[in-house]
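Encoded as structure tokens, the structure appears first; notes follow it.
The values are calculated or read from the model by the stated rules, or taken from the named source; none is laboratory data. This one's a predicted model, so the numbers in the text were calculated from it and none came from an experiment. Note: ideal-geometry Cβ built from the backbone for every residue, glycine included; neighbour counts use all protein chains shown.
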Amino acid sequence: MSWKIWSLKKSPWVFHVNVGACNNCDIEIVDMLTPKFDVERFGIKLVGSPRHADALLVTGVGTRQAVPRLREVYRQTSKPCVVFLIGACACGTGIFCNGYHVAGPVDKIIREEDPNAIIVYVPGCPPKPEAMISGVVKALSSL
Amino acid sequence: MGAVFEARQRKGQEMTQALLSIFWILIFPGFVFTVVVGLLASWVVRKVSAKVQYRVGPPVLQPFYDVMKLMGKETLIPEDAHRIVFMGAPLVGFAGVLLLSTMLWRISISQTTFVGDIIVAIYLLVLPSLALILGSSASASPHAAVGTSREMKLVMSYELPLVLALVVVIVKTSGNLSLANVAQDTTVFSISNLLAFSVALLCIQAKLGFVPFDIPEAETELGSGVLIEYSGALLAVWKLMQAMMLVALPLFLVMVFLGGFGPSLLAGIGKYVLILVLAILIKNTNPRVRIDQAMRFFWFYCGIALLAAIILAITGKYCDITWL
């Protein structure tokens with residue numbers, strides 16, 4: 001394992017991208033970052049710019065308005081980075097499956113940008129903060 | 001023969017002197033030592049903040065992991081950015097803080113001082129903020145532009161009180177301009193000194209970008225403002241610079257207001273930790289102010305306090321009352 005990946009696992013800074021979520025997953029993400037769950041123990045920190053981020057927390061189905069922005073944000077993120085798809089919508093468009101406003105599942109769009117992207121799925125509607133932390137731990141320990 | 005031998009010997013001495021200076025700047029009181037102490041200090045900042053919020057907080061090596069990770073990441077440079085200024089600004093700021101911390105450590109450990117080093121220190125203290133302004137305005141981002149304008153206003157706000165606070169100390173030590181002598185001669189427990197110290201502590205808070213005055217970085221509205229376009233190794237240089245400022249600025253306050261590293265090394269470290277913890281507690285118990293509020297605070301309230309302090313110091317000096 002290279003030192004780059006090792007140190008990435010020690011301090012994943014996250015950036016929150018909403019591509020058309022109902023705000024439920026976003027509230028749970030903010031919940032995960034509260035002192036109660038204390039994710040700073042693992043070095044996880046919320047940053048304000050994709051340029052600083054190591055992990056993108058993507059919520060929502062990927063609407064036609066939001067998808068170009070998602071591509072832009074993914075291109076702006078400095079690599080290596082991990083993409084976390086939080087919630088049922090982001091994992092596979094959920095109940096909005098054939099909606100007129102859906103531009104495709106988020107993982108497909110990320111793969112179009114970068115075929116080798118590391119994508120992690122955390123299902124749930126919304127997933128609990130514990131589920132998200134467990135997803136982060138599993139993903140990072142399998143890198 | 002003798003002359004040649006002497007010339008060679010003198011050359012050898014010059015070489016040793018040069019090597020010793022490089023050692024001072026790069027290893028012992030300079031780069032390596034200050035970076036390690038600074039990263040540990042930034043761990044203390046995060047750990048104490050965590051304790052204030054009833055959390056566990058990050059492990060001791062967390063700042064080291066952060067910097068190591070940033071070094072390993074891709075460095076992106078925005079298309080519209082001015083490349084040379086964008087990449088040079090972090091190095092300029094870093095070099096300034098490196099010089100400042102080497103100078104302060106050398107003065108506090110081995111009493112190497114010269115007349116006017118307090119003025120050199122004032123100039124070197126401005127360099128990081130100046131580099132931040134340069135780098136963020138070269139990054140061609142609207143968020144960074146707002147951050148830059150706020151940083152400029154903040155620099156204008158806190159520089160005046162900081163220099164006035166130093167004037168108080170210089171008056172008290174009868175026009176002394178060398179840091180080691182100021183540290184020896186100043187009376188710590190006097191009204192004017194404590195007033196000047198508390199104002200200077202707030203200026204340091206603004207210089208470090210800690211919460212009541214983190215207006216240019218403003219995570220919530222500007223998305224880390226001035227640093228928004230930096231990534232990878234360049235961001236790591238900024239983080240290292242901020243960590244080193246966490247050493248240099250409290251050390252400067254210890255030298256100027258609290259009597260330096262006397263009577264013992266342990267007392268000096270105690271004073272340093274005291275200033276650090278005070279700054280962290282101010283950081284954790286205050287909300288962010290607006291830029292106009294910060295300006296009014298520094299110019300109006302701190303200005304009045306310092307005017308009183310200067311008058312007290314002059315009166316004390318003139319009438320020979322040490323506690324004024």
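Brief remarks follow.
- From the list B:Met87, B:Met68, the lone residue that is in contact with a Lys or Arg (Cβ under 9 Å, 6 or more places away or on another chain) and at pLDDT 90 or above is B:Met68.
- Checklist (1) within 30 Å of B:Leu76 (Cβ to Cβ); (2) part of a loop (DSSP other than H, G, I, E, B) applied to A:Cys125, failing item: (1)
- Sole residue being more than 8 Å from chain A (Cβ to nearest Cβ), over 25 Å from the mean Cα position of the chain (by Cα) and β-branched (Val, Ile, Thr), chosen from B:Thr16, B:Thr34: B:Thr16
- Candidates B:Ser108, B:Ser101: the one that is under 13 Å from the mean Cα position of the chain (by Cα), buried (at least 17 other Cβ atoms within 10 Å of the Cβ) and over 21 Å from B:Ala218 (Cα atoms) is B:Ser101.
- Taking the criterion of being in a helix (DSSP H, G or I) and either within 11 Å of another protein chain (Cβ to nearest Cβ) or surrounded by 17 or more Cβ atoms within 10 Å (Cβ to Cβ) (or both), the residues of segment B:52-85 that qualify are B:Val52, B:Gln62, B:Pro63, B:Phe64, B:Tyr65, B:Asp66, B:Val67, B:Met68, B:Lys69, B:Leu70, B:Met71, B:Gly72.
- Total residues in segment B:189-232 satisfying the condition of being within 10 Å of chain A (Cβ to nearest Cβ) and of a type in the set (A, V, I, L, M, F, W, C): the figure is 4.
- Taking segment B:272-324 as the range and being of a type in the set (Val, Ile, Thr) and more than 29 Å from B:Ser149 (Cβ to Cβ) as the test, the residues that pass are B:Val273, B:Ile275, B:Val277, B:Ile310, B:Ile311, B:Ile314, B:Thr315, B:Ile321, B:Thr322.
- Restricted to segment A:1-105, the set of helices (runs of 4 or more DSSP H) holding at least 3 residues that are surrounded by fewer than 20 Cβ atoms within 10 Å (Cβ to Cβ) comprises A:3-10, A:24-32, A:67-76.
- If you go through segment A:12-66 and keep only what is within 14 Å of another protein chain (Cβ to nearest Cβ), among the charged types (D, E, K, R) and closer than 20 Å to A:Gly124 by Cα, you end up with nothing.
- Selection of segment B:284-295 for residues being touching a Ser or Thr at 6+ places or on another chain (Cβ under 9 Å) and part of a helix (DSSP H, G or I) yields B:Asn284, B:Ile291, B:Ala294, B:Met295.
- Condition check for B:Lys47: part of a helix (DSSP H, G or I), basic (Lys, Arg) and more than 30 Å from A:Ser2 (Cα to Cα): no
- Filtering segment B:245-262 for residues that are within 14 Å of another protein chain (Cβ to nearest Cβ) and either under 20 Å from the mean Cα position of the chain (by Cα) or at pLDDT below 90 (or both) leaves an empty set.
- With respect to (1) at pLDDT 90 or above; (2) of a type outside the set (Val, Ile, Thr); (3) closer than 21 Å to B:Trp299 by Cβ; (4) surrounded by 24 or more Cβ atoms within 10 Å (Cβ to Cβ), the lone exception for B:Pro128 is condition (3).
- Scanning segment A:19-28 finds one or more residues that are among the polar types (S, T, N, Q) and free of Cβ contacts under 8 Å to residues at least 60 places away in the same chain.
- Set side by side, the residues B:Ser108, B:Ser21 differ, and just one is in contact with a Gly (Cβ under 7 Å, 6 or more places away or on another chain) and more than 13 Å from chain A (Cβ to nearest Cβ), which is B:Ser108.
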